[in-house]
Amino acid sequence: MSKSFLEAVEARRSVYAISKESPISDEQIKEIVEAAVLHSPTSFNSQSSRAVVLLGEQHDKLWDITADTLRKIVPTEQFEGTAQKLASFKAGYGSVLFFEDQAVVKNLQENFALYADNFPIWSNQSSGILQFVVWTAFSEAGLGASLQHYNPLIDEEVKATFGIPAEWKLIAQLPFGKTVTAPGPKEFQPIEDRVKVIK
């Protein structure tokens with residue numbers, strides 16, 4: 001029996017110990033990302049979200065770029081911890097890069113000037129929804145993943161290396177792979193402090 005939607009939401013966790021294996025095929029990975037991009041909601045149906053899936057050597061290259069970039073700005077005595085973290089992402093099977101097309105956002109700002117200040121905010125919200133859908137779908141498919149944010153430090157090198165359009169703004173990175181170590185129990189604040197029902 002398949003899990004219900006809320007059970008899938010509950011099961012999705014940040015998984016940092018991943019390997020260069022995948023329980024599903026590359027084609028299935030592509031299908032998940034494509035379905036998420038097609039069906040995740042966007043403000044004004046703008047469809048501004050973009051995704052790039054990096055596999056194999058291209059995935060490794062992303063985390064080499066990130067390590068090289070951070071090595072230039074992180075103090076030497078602190079870099080070892082950073083290097084270990086980046087190596088754990090590189091140890092995965094692939095990465096999904098999430099972008100928002102700024103040409104779409106700008107066009108909306110010009111055509112709907114009353115809401116101009118809101119479109120960048122709504123664009124980020126749309127990206128967040130897409131990230132969650134991909135992440136949860138990956139979890140359902142048996143892939144562990146964690147969401148990372150090394151933008152804007154790596155943006156220009158990523159665009160140059162992978163031929164990304166200039167108008168695409170990097171929002172997040174999702175390294176994924178077969179789970180090596182499952183995350184431990186999660187602590188929660190009292191739900192009564194976080195949700196109010198008013199009748």
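Structure notes:
- Surface composition of the chain: carbon and sulfur make up 54 percent of the accessible area, probe 1.4 Å.
- Between the range 69-94 and the range 163-199, the alpha-carbon centres lie 21 Å apart.
- 13 Å beta-carbon shell around residue 74, net charge (K/R +1, D/E -1): 0
- Only Lys, Arg (+1) and Asp, Glu (-1) charged, at Cβ; the range 16-161 dipole about Cα centre in debye: 160 debye
- The peptide list 107-113, 119-125, put in order of mean Cβ contacts within 10 Å with the highest first, becomes 119-125, 107-113.
- Partner aspartates and glutamates for residue 169 [C-alpha distance under 16 Å; skip if fewer than 8 residues away on the same chain]: 100, 101, 155, 156, 157
- Net charge, residue 53 excluded, C-beta distance under 12 Å - Lys, Arg +1, Asp, Glu -1: -2
- Helix content alone sets the calculated 222 nm mean residue ellipticity of the chain: runs of n ≥ 4 DSSP H residues at -39500 (n - 2.57) each, divided across all residues, give -14500 deg cm²/dmol.
- Counted charge near residue 24, where neighbours are those whose Cβ lies closer than 13 Å (Asp, Glu -1; Lys, Arg +1): -3
The values are calculated or read from the model by the stated rules, or taken from the named source; none is laboratory data. Small disclaimer: the values here were computed from a predicted structure and weren't measured. Cβ sites come from the backbone with ideal geometry, for glycine too, and all protein chains shown count toward neighbours. Just so you know, the surface numbers come from the protein's heavy atoms only, side chains and all, with ligands and any DNA or RNA stripped out. Shrake-Rupley method; radii C 1.70, N 1.55, O 1.52, S 1.80 Å.
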